[in-house]
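The values are calculated or read from the model by the stated rules, or taken from the named source; none is laboratory data. Source: prediction; values computed, not measured. Every residue, glycine among them, receives a Cβ derived from its backbone with ideal geometry; neighbour counts consider all protein chains shown.
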Amino acid sequence: MTLKRCFIAAVLATASSVVAIPVDAAAVEQYPGSASTSLVQQNFDDRTLLDTWQNEQGTFSTWGSAPDAAINITETIADPTADGNSALARRHCRPPHAECDKKNTASLQVCKMLVGSLEDSRKNEWIHKSPQDYCLQSDRGKCCVSWRTPITSTVRISELAVAGNMLLRECHDGRGKISGRVLNAEIGEFCSVQCLSNRPRRC
């Protein structure tokens, strides 16, 4: 056998022995810049993409529950039995406190940009009456701020920054990741649960 044929045979033998290595989903989430899926292209069972826009920080998106995809012109009436909707709940909102989590962790840096954007560039915009999610994705990762309770009064988006900043202070893991929620977060006249995580799925 000639030297050339020996070389070709060796290459073929090496190629046939290569084993495909499965992708570790946790590793992909931990290092989202390596193989992350665009947030706006993902499907979430109970969420619908309502709006998306871009600037130098990355891609912003707004999500709502599936029925909210239809335009609703008439004012909705608050359900007095819903969490945070009763007059009693509005008058007696307990002090807010943060609960940190290790699941669905988001990029701390991206969360800082998102909360800053809600606090500054969108401070004069209004919150939609039903719960929505505001998300930001960049090459550093992704982050979403979500809340649980329907809001029946006029509230500025910047009010979401109060609980958002509490989570930024108390729930970062020291490794650039964050996930958690604030119980008794005040949004307008209502007590709610507000979250920071890597997905638009309420809390």
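General observations
- Flag if Val182 is touching a strand residue (DSSP E or B) at 6+ places or on another chain (Cβ under 8 Å), buried (at least 23 other Cβ atoms within 10 Å of the Cβ), assigned to a strand (DSSP E or B) and not hydroxyl-bearing (Ser, Thr, Tyr): yes
- Residue match in region 187-194 (condition: buried (at least 22 other Cβ atoms within 10 Å of the Cβ) and within 15 Å of Met113 (Cβ to Cβ)): no
- Subset of region 159-179 that is touching a residue at least 24 places away in the same chain (Cβ under 8 Å) and assigned to a loop (DSSP other than H, G, I, E, B) - its residue that is nearest to Ser107 (Cα to Cα): Gly176
- Candidates Arg175, Arg148, Arg122, Arg199: the one that is modelled with pLDDT of 85 or more and over 11 Å from the mean Cα position of the chain (by Cα) is Arg175.
- Pairs are defined by a Cβ separation below 8 Å, a sequence spacing of at least 6 or placement on different chains, a first member in region 97-125 that is at positive phi and in contact (Cβ under 8 Å) with a residue 40 or more places away in the chain, and a second member that is buried (at least 18 other Cβ atoms within 10 Å of the Cβ) and among the acidic types (Asp, Glu); no pair meets this definition.
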